[in-house]
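The values are calculated or read from the model by the stated rules, or taken from the named source; none is laboratory data. What you see is a predicted model; the values in this text were computed from it and never measured. Quick reminder, even Gly has a Cβ in these numbers, built from the backbone with ideal geometry, and neighbours come from all protein chains shown.
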Amino acid sequence: MNTPPLFGFTVTKKLGNAVVRNKIRRRLKSAVANVAPTLAMPGCDYVIVARRAALAMPFPELQKDVTDAIASVNRRLERQSRETKR
């Protein structure tokens with residue numbers, strides 16, 4: 001049985017106080033919610049490490065960065081899967 005993909009978010013205290021960290025986390029969660037249904041691989045766990053830029057960047061750009069990051073991880077997973085099958 002394939003389980004749905006899981007996402008974890010790491011937003012450290014270095015990024016700001018609780019209000020700032022929560023805003024960054026909410027923006028990242030929203031971006032992931034928009035792209036994950038089409039890109040995320042079932043059964044995979046993803047960890048998003050927040051950066052300060054996520055606070056101020058325009059949402060479409062943030063969403064594109066999240067899309068690119070998930071696609072990059074998926075390519076790496078597929079490459080590893082092919083290598084282990086050999």
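Data overview
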{"read-out": "Members of the range 35-57 that are under 30 Å from Asn2 (Cα atoms) and in a loop (DSSP other than H, G, I, E, B)", "value": "Ala40, Met41, Pro42, Gly43, Cys44, Ala50"}
{"read-out": "Among the residues listed as Val19, Val32, the single one being free of Cβ contacts under 8 Å to residues at least 40 places away in the same chain and surrounded by 11 or more Cβ atoms within 10 Å (Cβ to Cβ)", "value": "Val32"}
{"read-out": "Hits in the range 1-16 (condition: surrounded by fewer than 15 Cβ atoms within 10 Å (Cβ to Cβ) and farther than 27 Å from Asn74 by Cβ)", "value": "Lys13, Lys14"}
{"read-out": "Any chance Val47 is within 14 Å of the chain's Cα centre (by Cα) and either over 23 Å from Gly16 (Cβ atoms) or surrounded by 14 or more Cβ atoms within 10 Å (Cβ to Cβ) (or both)", "value": "no"}
{"read-out": "Answer residue from the range 58-86, given it is touching a strand residue (DSSP E or B) at 6+ places or on another chain (Cβ under 9 Å) and within 18 Å of Thr3 (Cα to Cα) and is surrounded by the most Cβ atoms within 10 Å (Cβ to Cβ) among those", "value": "Ile70"}
{"read-out": "Near pairs, Cβ below 6 angstrom, 6+ apart or cross-chain, from the range 74-86 (under 24 Å from Val35 (Cβ atoms)) to any residue that is of a type outside the set (Gly, Ala, Ser) and modelled with pLDDT of 85 or more", "value": "Asn74/Met41"}
{"read-out": "Residue check, Thr38 surrounded by 14 or more Cβ atoms within 10 Å (Cβ to Cβ), of a type in the set (S, T, N, Q) and over 13 Å from Gly8 (Cα atoms)", "value": "no"}
{"read-out": "Selection within the range 17-48 - of a type in the set (D, E, K, R) and under 20 Å from Arg76 (Cβ atoms)", "value": "Asp45"}
